[in-house]
Amino acid sequence: MSFSLGNLFFGKNKYICVCCKKRLDKDTAHKYIENIGVCKDCFSSFSISSPASPYKGRGYVKYIMSPFEYTGKLRDAFLKYKFDNCYSYAPLFALLMEDYIKSYNIWTDFDFIVPMPLHEKRFKERGYNQSELIAEYIGKITGLPVRTDLIYRIKNTQKQSLVYGNDKLHNVEKAFSCTENLKNKSIIIFDDICTTGLTLSSCSKALHKAGAENICALTFAIHEQKKLPIIEY
C-alpha cells in the first residue's frame, strides 16, 4: 500500500483552492491536480475569453490568444504563483487553459513554443521562470516542442508595471536576441500576462529578424483594461 503525506494531511478526497484557500472536497472543484485546484465558485468569478477568439497583436505578433482577464481572484492567485514561490501552481494553470487551447485548430501550423525568457539576474532573484514552467505543460496539451534555447533577454528591463507612458516602449526595446536561424519557422510565444503587448512585440521583432515567418502569442491572462481588439483568426 502506498503512503502519501499529502493524503494524510489533506485527506484523500480533499484539495486546497488556490483562490479562496479553502480546504474542500474534490467534487466541488472546477479543476484540480493532486492537492490543489480551483473550486467551482471561484472559477465562476473569472472573466473568461470566448473560445477561439484571439486579440489583435502588436509588432510581428499576428494575434494573441488569452483565456482569462487578469483581474479578481485569478489575479491574486497568479501573483502568489509568480512572486511567492508557489511554482507548484504551474500545471494547474496550464490545465485551466486546456479547454480554451483546444478550441483552436492551429497547433499543427506551428513548429514550437518559445516561453518568454527572464534576464539572468531576474531568474536568480526569483529562482524560476513562471512562463517557462507553464509552457512545459502547454507543450503537452498542444503537442508542440517547447524551446527554451532560442531567445535570450539581453537587457535587464524594469518591470513594465513600474514604467509609464512612452517609457514602456523604450524599456523593452532591443531586449531580446535569438540564438539560431529561424527561417520559415512558425512560432508561438508564451508569456504569463499580456498588459500592453509591448514585451511580446519586442520579442517577436527579434524572432522575425532571425527569420521567423509566422509569429503568434499565447498568454495565461490579458489585462482587462489593455485588451486589444478581438479578431478572426
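Readers should treat all values here as calculations from the given coordinates under stated rules, not as data from a laboratory. On a predicted model such as this, the values are computed, not experimentally measured, just so you know. As a convention, Cβ positions derive from the backbone with ideal geometry for all residues, glycine included, and neighbour counts pool all protein chains shown.
In terms of the mean number of neighbouring beta-carbon atoms within 10 Å, the peptides 63-71, 136-144 order highest first as 63-71, 136-144.
With N counted as the residues of the chain, its alpha-carbon radius of gyration over 2.2 N^0.38 Å works out to 1.03. With contacts taken as Cα pairs under 8 Å and at least 6 residues apart, region 5-97 reaches a relative contact order of 22 percent. Working from Cα pairs under 8 Å separated by at least six residues, relative contact order for the chain is 23 percent. For the listed residue pairs Lys56/Lys183; Lys56/Lys209; Lys31/Lys121; Lys80/Lys185; Lys80/Lys102; Lys40/Lys82, the alpha carbons are over 32 angstrom apart in Lys31/Lys121; Lys80/Lys185.
Beta bridges per DSSP, both residues in region 47-222: antiparallel share near 25 percent.
Counted residue by residue at 0.36 nm each, then reduced by the alpha carbon distance between them, the extension gain from Glu34 to Ile48 reaches 2.6 nm.
Among 120-133, 93-106, the peptide with the highest mean count of other Cβ atoms within 10 Å heads the list, and the full ranking is 93-106, 120-133.
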